[in-house]
Amino acid sequence: MVPTLAGRWQTRILLYVFIGLPVTFLYAMYLTNWRWPPAIDLSAFTDPFVFITAILILGLILDVAYIQAQRFRWEGDWPFAFQFFFSIMEFFAVYVGMEYFGALDYFLPDGRIPFETAAWHFTFVFVPSFIAVLAIVQIFLVRWRYKGGELGRF
Amino acid sequence: MSIEITWRPAENVNDVAPGRITLTGKGPFQIGRSSGSEVLLDNSQVSRKHATIKVEGDVVTLDDEGSQNGTLVRGQRISSLQWRPGVEVAVGPFVLTYRLVESQVPIEATRLPGQDPAARPTFPGRLFDQRQVPFKEIQSSGRMTQEIEYLAIGGGNGSFAWVDHLRIFGVDKKNIRVIGIADNKSPYSKYGRLCRNSQIPDHERIRSNSISTPDNLWGFPGYASRETVRDLARGQLVGLKYVFQVFGEPTVSETYTPRLIDVFQSLDREAKRINWDEMWLAGRVIAIRKTDDERYVIAYRASSESEANNNSPDRDRFIVARYLHIATGYPASNFLDDLQKFRREHPQSTAVVNCYEPHEEVYRTLEQKGGTVLIRGRGIVASRIIQRVYEARQKNPNIQILHLIRNPVTEGSKWDLSQREVYNDTEHQAFNWPKSCWGGTYLRELDAATPEERSKMMASWGGTTTAYRDDWLDIISTGKKEGWFKVFYGNVEGMSERGSRVVTRLQGKANYQESLELVADYIIDCTGLISKIDETPLIADIIKTYDVGRNRVTGKGAEARLAGINVSSSFEIPAMQNGRGHVFASGVVTFAGPHAAVDSFLGLQYAALRSVDHLARLRAPGVSKFGPLRSSYQWLKWCANASP
């Protein structure tokens, strides 16, 4: 990968919209026993959306740091392995922030999501997202790989 | 492959004219005074049928046909000679040399400066003296004329990428033509020949990436995943290593590179899918002119299958097209000046070779007899040649390698906050440019930069580099330790022959006044291909006729390179625009423009995408906008190997 800053941001938002949100919706439905509307406990349905959005926002901020780190790399690139590693770190950062620093208290009525619930949620979003970046996006967006991950035409 | 023969008056002769001709095919071609001679030397000291030339692959043989005054090499009369490029042959008052040319261009009857302008070539003749040719005059010329929408000039990978994009974006095969030199329709024939000569056999890996897939414009599936799937299907779990390489490269794992044979086979498949052969025309483009109806006329000489038909005027034809793409590639192999001089002075010696020429016999002889090889140059080709000599050494340990490079390198190039790594006096990076040049920040910055900034960027990112490969580093460190690999620095003062060996004298450096002599059985020049694009007369003619601008020169001293022609970010040549007619270019003819790696597979695909996208904006017939739906639909067609 040879992302630009705008490319990182746009790709992240693209994945959030097309993979993150649909997967989270299904996961939230599963958590609330596939009942619509989720009458009894609304927060059990909305919590996953808060969590995945928190990862998105942290990622958007960290992208600025990643792009600075990329300047030290002669190839001006960002190996898939780095992307993989730092994505998982982002998950842990959000989890630790939520669990030990109450960073999401304002948005989460209960103040926390159990680790197992959050970890499965992240896995279901991350795996297809990573595969999409490796292989799928360029099938639809043929210019994307030349534009450092940015969307649209030249 | 063609040979370009040049003749000039010998010293102290001034009543004969110089000349030049390009010959395509195997021959035999005649040198003589009679009018049927291909190399027509009109002088009484030349016999009617003086000598003949035969071309077999890259081997050129010159046979004297019992001429009265003889055929001479260094004053010695010869009856048969394996003629090597640059070697001077005397025929009567003329001195002949030749070189192998790759160019698209016919140099048929082109003149050298100072010749009589009345001796102009008969085709396309005065019609092309105009900057804008009236279409009616083309029609009334009596020549066979074809009209087409899209025409690609050059039969190689650059044209293939463009035509592939056109076809997938929706253009029908009947609206596209490709003109390439005759002997082989396959888009990689020239590339493949250069690879094989520079000792990259089909099973070796080339310096290219998994996602540089000239057969697939999406870059997926890449060569790594294809190799993994193939190995897994055979039950070989080790195949997983290729996708892991891509996952970790270049930091966690060694960069993945595809096998040459896999690239070729994938190109064959794609060529068949897009009906490449049906769009192909065999011939040499002579010149391009704008027409008065917002199109272009191309004068070309069609190739003839039968030798008898070789000089038929029917072969001189026109094509008129609205959209052109020029990708004629590298004009010739480079040859260091002092090596050229040595060859001229020692025409019988076979000790000095260029790595892009066929030189298998060097390794065969080394394997049998042993000996010393001097390698000049330090790029990726030098690495591969060293590997090849090392392989020969496994069969015969009595082989020494001397590596001659101009100066030691201790510090890599710098850019922004980063620096290139150096091992064994050579800067290392995965490909010939940093990866970001193909699609990241560097590509963006270069495209937006001024010419001054561009040359600065390219000077930092480019230069001679080799790839990081453990086996290559091992060969050199083992060789140094065991004493069969030695490195020398310096400029060459002169070369001479000692028996069958070659002596290279190195200039003493400031600190070491005495000069040094290196004695070797073979010298292999690995200094690369030249990109002097105006050595291709077709390009030179366009530059002159339409004031096409040139990109800034990059590099210093011996590495100085004249750069390519000006193209826009969409790879259009602005000076060539003719109303609704547009001309695009890609490959090395656009060097030092908006893209660094113009001669790479992915660079050619980028240029093709940019120009075909531009055609879509211009509403060129058949070219779609290629949004997500069409793109994914076409991708499925690619997977199904269905016509686009």
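Structure values in brief
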read-out	value
Chain B: relative contact order in percent, alpha carbon pairs under 8 Å with at least 6 residues between	14
Model label zone, B:Asp277; criterion: amide N under 13 Å from point 7 Å along Cα-to-beta-carbon; scope the range B:182-208	B:184-187
Per-residue average of Cβ from other chains inside 10 Å of A:77-89	4
Nearest-20 debye value, the range A:5-147 charge dipole, Cβ charges on Lys, Arg, Asp, Glu	660
Chain A - percent relative contact order, Cα under 8 Å, separation 6 or more	39
Dipole of the range B:227-271, positive direction: furthest Cα of B:Thr251, B:Val229, B:Ile261, with charges on the beta-carbon	B:Val229
Rounded Å value of the spacing that divides the Cα centres of the range B:133-167 and the range A:83-154	50
Helix axis angle, A:115-131 relative to chain A longest principal axis, alpha carbon, degrees	30
Chain lengthening between B:Leu629 and B:Ser44 when straightened (0.36 nm per residue, less Cα-Cα)	203.4 nm
Shielding by partners - mean other protein chain Cβ count within 10 Å, residues of B:432-438	5
Antiparallel bridge percentage (DSSP; both residues within chain B; nearest 5)	60
Average beta carbon contacts from partner chains per residue of A:67-74, 10 Å cutoff	6
Distance between modelled label sites at B:Asp15 and B:Ala540, nm, 7 Å Cα→Cβ extension	2.9
List A:Val17, B:Val487, ordered by accessible area with a 1.4 Å probe, largest first	A:Val17, B:Val487
Label point at B:Ser253 placed 7 Å out along Cα→Cβ; residues across the range B:199-227 whose backbone nitrogen lies under 17 Å	B:205-206, B:208-212, B:221-227
Among beta bridges that DSSP assigns inside the protein assembly as shown, antiparallel share in %, nearest 5	60
Accessible area that becomes buried as A packs against B, both chains, 1.4 Å probe, Å², nearest 100	3400
Proximal lysines relative to B:Lys290, as straight alpha-carbon distance under 17 Å, when same-chain residues fewer than 8 apart are discounted	B:Lys136, B:Lys544
Cα-centre dipole for the range B:326-369 with unit charges at Cβ (Lys and Arg positive, Asp and Glu negative), debye to 20	80
Mean shadow area of the range A:5-147, taken as a quarter of the surface of its Cα convex hull (nm²)	9.4
Size of electric dipole in the range B:7-70: Cβ of Lys, Arg +1 and of Asp, Glu -1, about Cα centre, debye, nearest 20	160
Radius of gyration and maximum dimension Dmax of the protein assembly as shown, Cα, Å	30.1, 111
Degrees between helix A:21-31 axis and first principal axis of chain A (Cα, 0 to 90, nearest 10)	30
Solvent-accessible area per residue for the protein assembly as shown (1.4 angstrom probe, square angstrom)	43
Positive-end residue of B:Thr52, A:Leu108, B:Gly75, charge dipole of the protein assembly as shown with Cβ unit charges	B:Thr52
Pairwise label distance in nanometres, B:Lys414 with B:Lys54, each label 7 Å out on the Cα-Cβ vector	6.1
Virtual spin-label span in nm between B:Ser34 and A:Ile136, 7 Å along Cα→Cβ	7.4
The range B:1-67 and the range B:454-485: distance between their alpha carbon centers, rounded to Å	43
Efficiency of FRET from Cβ geometry, B:Glu517 and B:Ile261, R₀ 41 Å, rounded to 0.05	0.45
Computed FRET value (nearest 0.05) for B:Thr365 with A:Phe101, which takes r as the C-beta separation and R₀ as 60 Å	0.20
D (Stokes-Einstein, µm²/s), Kirkwood Cα radius, the range B:154-204, 1.306 mPa s at 10 °C	129
Between the range B:233-268 and the range B:388-405, the Cα center-to-center distance that results, in Å	29
Semi-axis lengths (Å, descending) of the ellipsoid that matches the C-alpha gyration tensor of chain B	37, 37, 23
Positive-end extreme of charge dipole, the protein assembly as shown - chosen from B:Gly439, B:Thr22, A:Ile136 (charges on Cβ)	B:Thr22
Residue among A:Trp34, A:Trp74, A:Trp120 with the largest mean-square fluctuation in a Gaussian network model of chain A, springs linking Cα atoms under 10 Å	A:Trp74
Carbon + sulfur, % of accessible area of the range A:5-147 - ligands and nucleic acids excluded, 1.4 Å	75
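The values are calculated or read from the model by the stated rules, or taken from the named source; none is laboratory data. The structure displayed is predicted, hence computed values, not measured ones. Methodologically, a virtual Cβ is constructed for each residue, glycine included, from the backbone with ideal geometry; neighbour enumeration extends over all protein chains shown. Heavy atoms of the whole protein, side chains included, go into the accessibility calculation; ligands, DNA and RNA do not. Shrake-Rupley method; radii C 1.70, N 1.55, O 1.52, S 1.80 Å.
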